[in-house]
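Step one of this worksheet: look at the structure below.
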Amino acid sequence: MKPNPISYLFVFLFFSQISGAQIINDDPEIKKMITEIKAESLENTVKKLVSFGTRHTLSDTKSKTRGIGAAQQWVKSEFDKYALQSSGRLTSVIDYFTIKADGRRIAVDSQLGNVIATLKGTDPTDNRVLIISGHLDSRVSDVMDAKSDAPGANDDGSGVAAMMELAKIMSKRAFPYTILFVAVTGEEQGLYGARHLAELAKKENWNIIAMLNNDMIGNSLSSGTNLRDNTKVRVFSEATPYLETEDEAKMRKLINRDNDSPSRLLARYSKQLLINT
Ligand SMILES: [Zn+2]
């Protein structure tokens, strides 16, 4: 497989502090990190993920070589390798949780798990959290088929590989805020892993400034068209904030800020930064 540049990047974020005009300068440290991203490394990660046969959410959790359980253990073991170069700041865990049978895409009560690496911020007074994620689970057309091979190289081996590559490169560095690298599960069964992560964040009152979720970044086909373009990043970012208050909605309509949501601001900021870099 010849890896494509990132073509899908879903951006959901809750950014509260962007205001006023900003000049976006190139950042030599970001430039250096980008040079450390290796196509071969991404390809190897995707191939390894495919080698588990299926990563269906309800597939085997006991085997060491096949199924979602083996894939989760492998992602964690990679995180643990990165931890060795992080001066003790990177830790990893498989956050297990139980999902009740839902009569739809979860046939029986099941134990699911998100694989999470936490890169602790260096400033103890800075409680901000940035989340970078991809979904580890895969599936065939029949969403309840947990046995057949479901390689999921594109959906979403590619996004998990990008997330892991960033974890590898960023854990060598220090950031004042905390960064979470997460391989969520249960996406194809109904976004269960992401929901569990969101509930945890709410319960523990995390100060999330942004979440960058990567899904099918190797996909060069625009949805709904036959256009192929493997040179562009596709960013999906929220326009009107989901949690907008009535007053905020009034103000948005008054001053025509439909395209100035925090998510859109971050998307444009990222684009400009990449152009400068
Ligand atoms: Zn996906």
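Of the residues making up the stretch 113-130, those that are under 17 Å from Phe97 (Cβ atoms) and either within 14 Å of the ligand (Cβ to nearest atom) or crowded, with 24+ Cβ neighbours inside 10 Å (or both) are Gly113, Asn114, Val115.
Filtering the stretch 170-196 to residues that are open to solvent by 30 Å² or more (accessible area, probe 1.4 Å), within 26 Å of Lys38 (Cβ to Cβ) and of a type in the set (Gly, Ala, Ser) leaves only Ala174.
Of the helices (runs of 4 or more DSSP H) contained entirely in the stretch 28-107, those carrying at least 3 residues that are in contact with a strand residue (DSSP E or B) (Cβ under 8 Å, 6 or more places away or on another chain) and open to solvent by less than 70 Å² (accessible area, probe 1.4 Å) fall at 68-83.
Against the conditions (1) within 16 Å of the ligand (Cβ to nearest atom); (2) farther than 24 Å from Glu199 by Cα; (3) touching a Leu at 6+ places or on another chain (Cβ under 8 Å), Ala83 satisfies every one except (1).
Of all residues in the stretch 1-27 being of a type in the set (A, V, I, L, M, F, W, C) and open to solvent by 70 Å² or more (accessible area, probe 1.4 Å), which is modelled with the highest pLDDT? I'd like the intermediate steps shown before the answer.
Our first condition is that a residue be of a type in the set (A, V, I, L, M, F, W, C); within the stretch 1-27, this holds for 1, 6, 9-15, 18, 21, 23-24.
Filter once more, so that each one left must be open to solvent by 70 Å² or more (accessible area, probe 1.4 Å): 1, 12, 14, 21, 23.
Numbers: Met1: 38, Phe12: 37, Phe14: 36, Ala21: 58, Ile23: 73.
That would be Ile23.
Looking only at the stretch 231-260, residues that are within 25 Å of Asp137 (Cβ to Cβ) and in contact with a Ser or Thr (Cβ under 8 Å, 6 or more places away or on another chain) come to 5 in all. Selection within the stretch 225-252: residues that are farther than 20 Å from Tyr269 by Cβ, without any contact (Cβ under 8 Å) to a residue 40 or more places away in the chain and open to solvent by less than 90 Å² (accessible area, probe 1.4 Å). The member of this set that is farthest from the chain's Cα centre (by Cα) is Ala249.
Restricted to the stretch 141-162, and to residues there that are buried (at least 18 other Cβ atoms within 10 Å of the Cβ) and more than 15 Å from Ala71 (Cα to Cα), the residue that is modelled with the highest pLDDT is Ala162.
Annotation: of all residues in the stretch 135-175 being part of a helix (DSSP H, G or I) and touching a Gly at 6+ places or on another chain (Cβ under 6 Å), the one that is farthest from the ligand (Cβ to nearest atom) is Met163. Pro151 fulfils the conditions (1) closer than 21 Å to His196 by Cα; (2) in contact (Cβ under 8 Å) with a residue 60 or more places away in the chain except for a single criterion, (1).
Of all residues in the stretch 197-223 being among the polar types (S, T, N, Q) and more than 17 Å from Val115 (Cβ to Cβ), which is most open to solvent (accessible area, probe 1.4 Å)? Let's see the steps before the verdict.
Kept after step one, since they are among the polar types (S, T, N, Q), are these residues of the stretch 197-223: 205, 207, 213-214, 219-220, 222-223.
Still in the list and also more than 17 Å from Val115 (Cβ to Cβ): 205, 207, 219-220, 222-223.
Details: Asn205: 126, Asn207: 61, Asn219: 30, Ser220: 21, Ser222: 34, Ser223: 77 Å².
Looking at the filtered set, the residue picked out is Asn205.
The values are calculated or read from the model by the stated rules, or taken from the named source; none is laboratory data. If you're wondering where the values come from, they're calculated on a predicted model, not measured in any experiment. No Cβ is skipped: glycine too gets one built from the backbone with ideal geometry, and neighbour counts run over all protein chains shown. Side chains included, ligands, DNA and RNA excluded: accessible areas come from the protein's heavy atoms. Shrake-Rupley method; radii C 1.70, N 1.55, O 1.52, S 1.80 Å.
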